[in-house]
Amino acid sequence: MGKKLIKHPLYTITYLSFGFFIVIPFIYTLVTALFIEGSLSDNLQLLDKETFLLLAKSGLIAFSVAFFATLFGTILGFILYKTNVQFRVFFKISLLIPLFISPYILAVAWKDFFYFFINNTSFIYSYIGVILVLISVFTPLSMLIVGSALANINTQLEESGFIITNFRRVIFKIILPLIKPALISSFVLVFIFSISEFSVPAFFGVNVFTTEIFTQFSAFYNHSLAILQSTLLILICVLLLLAERKHIANAPFLSVSEKGTNNKLYNLKSINILSLLFLFAWFFITIISPFLILFIQSFKDGTSKFVQAFELLLPTFSNSVGLAFLSALIIVFVGFTAAYHSVRQGGAKTNKSFDWILLIIFAIPSIILGISFIKFYNQAMLDFIYSSYAIIIIAYVGKFSFISAKLIENAIKQIPNSFDEAAQIEGITAFTRLQKILIPLITPTLFVAFIISFIFSLGELGTTIMLYPPGTEIMPIKVFTIMANATQSLTSSMTLIIFSITLLLIISFYFTMNLFSKGFNNK
């Protein structure tokens, strides 16, 4: 049976298609730049001292973001996943919002904050500004990873610890060692995302490695140097990812629910008020404050700028939503195909190749992925892809399929194999088992995977800015290109509109999912 599934035509077609449209362009670009367009030794001479100095600065920024995001994420994760603090369900959901909002939107909000209160933005237009914004963006990711690890600790170990020692020693001697893999995974992922981030440094005018690659490729047309610099960044990201591949690939941090867990919650009466104050403060600083500041800046001179911003963005809505919707459908299909094959055929090393490919492509910075697609698809025979929206959809599928696959994989793992085995004994075909048993059970997760893929695709800037066809209008590109010459209030208004749209989508999808889940559970 295993061999039949391995050779299933649908899986084979999906696997080969992903390889041709996404993996081959990346390999082609690296090989061409390093070995065909000049000798390797000549190309390596392009990497000067300034290149490595800039890489070190970018690494320091990423290290700072990863350290503080993991620190704050661990605190938030412990409060929300291991204590019975009030409103914990509300905060579990609401504190994730910055993770689903494009980082450049929060960058505009923080710039407006400093402009509004101290009438000076020099502080935020710096390396410190980049670090502050990225910490607010990636702390929710750390909270998810660490919180999930905390929720899955064996309660017997905790209870045994309380028999012989106090609460503080249980935390430091039992809980922290048990969640060490999650802490490392959080640090590694946030480091990779931070060193790969383009939009926030570009908006603040801070020169980091990704902005330098973009400048060399797009402004100076120095493609060889840009690709060599990209190779350095890819090498760092992939090596870090491979070093933690076991923890990251098997982590349960991307899941809709954890069935069957028996999480022990602590009643910390002495610090419950402090915990609640910390949650409210973080919620206000990272979510309410950016929205309020954008709102104030947008309407301080009346409604004219907001109306102008809406008129500028209106033509982009249909294109942006359509691209995100179609991309999300394909992403969920690819994620399901990879996840189903991985879980149901687990154990054979060759069966994990799709998982590793999705993981590595996920780690490649968006700017570099965009460069690879430009170099590969900018040919006569592939012009139908290069000059259309197809190239953007391909990029979104490559970038976000890993997230979808992880969500769906964790959902499938929670379904007992006995369900499938019992149906198989009854002679029910594989397709019918899939249609009548597996898919109905994981439908809520498929819906969540679609929502997340849709929101991420809607707000993706790094890849889109490299690939969007001339003459087309896409929402993130429209905002980012107008920002450079627009007035403060117009920039704030455009950002407020996108912020509001994203929030409305998250809220509507959340309530739709709840209604859908209730209806599904009542069947």
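Key figures
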{"read-out": "Residue that is farthest from residue 465 (Cα to Cα), among those in the stretch 355-409 that are touching a residue at least 40 places away in the same chain (Cβ under 8 Å) and not in a helix (DSSP H, G or I)", "value": "364"}
{"read-out": "From 52, 78, 90, 20, residue being assigned to a helix (DSSP H, G or I), under 30 Å from residue 508 (Cβ atoms) and either in contact with a Cys (Cβ under 9 Å, 6 or more places away or on another chain) or at pLDDT 85 or above (or both)", "value": "90"}
{"read-out": "Residue match in the stretch 426-443 (condition: within 29 Å of residue 373 (Cα to Cα) and either in contact (Cβ under 8 Å) with a residue 40 or more places away in the chain or in contact with an Asp or Glu (Cβ under 7 Å, 6 or more places away or on another chain) (or both))", "value": "no"}
{"read-out": "Residue match in the stretch 193-212 (condition: in a helix (DSSP H, G or I), within 30 Å of residue 342 (Cα to Cα) and charged (D, E, K, R))", "value": "no"}
{"read-out": "When residues of the stretch 107-124 are limited to those that are within 22 Å of residue 194 (Cα to Cα) and surrounded by fewer than 17 Cβ atoms within 10 Å (Cβ to Cβ), the one farthest from the chain's Cα centre (by Cα)", "value": "122"}
{"read-out": "Single condition residue 219 does not satisfy, out of (1) more than 19 Å from residue 30 (Cβ to Cβ); (2) more than 16 Å from the chain's Cα centre (by Cα); (3) surrounded by 18 or more Cβ atoms within 10 Å (Cβ to Cβ); (4) of a type in the set (A, V, I, L, M)", "value": "(3)"}
{"read-out": "Selected residue (only one of 134, 71, 96, 80 is closer than 24 Å to residue 210 by Cα and assigned by TED's automatic domain parsing to the domain that holds residue 229)", "value": "134"}
{"read-out": "Matching option when the condition is outside the structural domain of residue 490 (by TED's automatic domain parsing) and farther than 20 Å from residue 206 by Cα, among 120, 152", "value": "152"}
{"read-out": "Residue match in the stretch 136-149 (condition: out of contact with any helix residue (DSSP H, G or I) (no Cβ under 7 Å at 6 or more places or on another chain) and hydrophobic (A, V, I, L, M, F, W, C))", "value": "yes"}
{"read-out": "Residues of the stretch 155-188 that turn out to be farther than 19 Å from residue 410 by Cβ and outside any helix (DSSP H, G or I), as a count", "value": "2"}
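The values are calculated or read from the model by the stated rules, or taken from the named source; none is laboratory data. What you see is a predicted model; the values in this text were computed from it and never measured. Neighbour counts run over all protein chains shown; Cβ positions are idealised from the backbone, glycine included.
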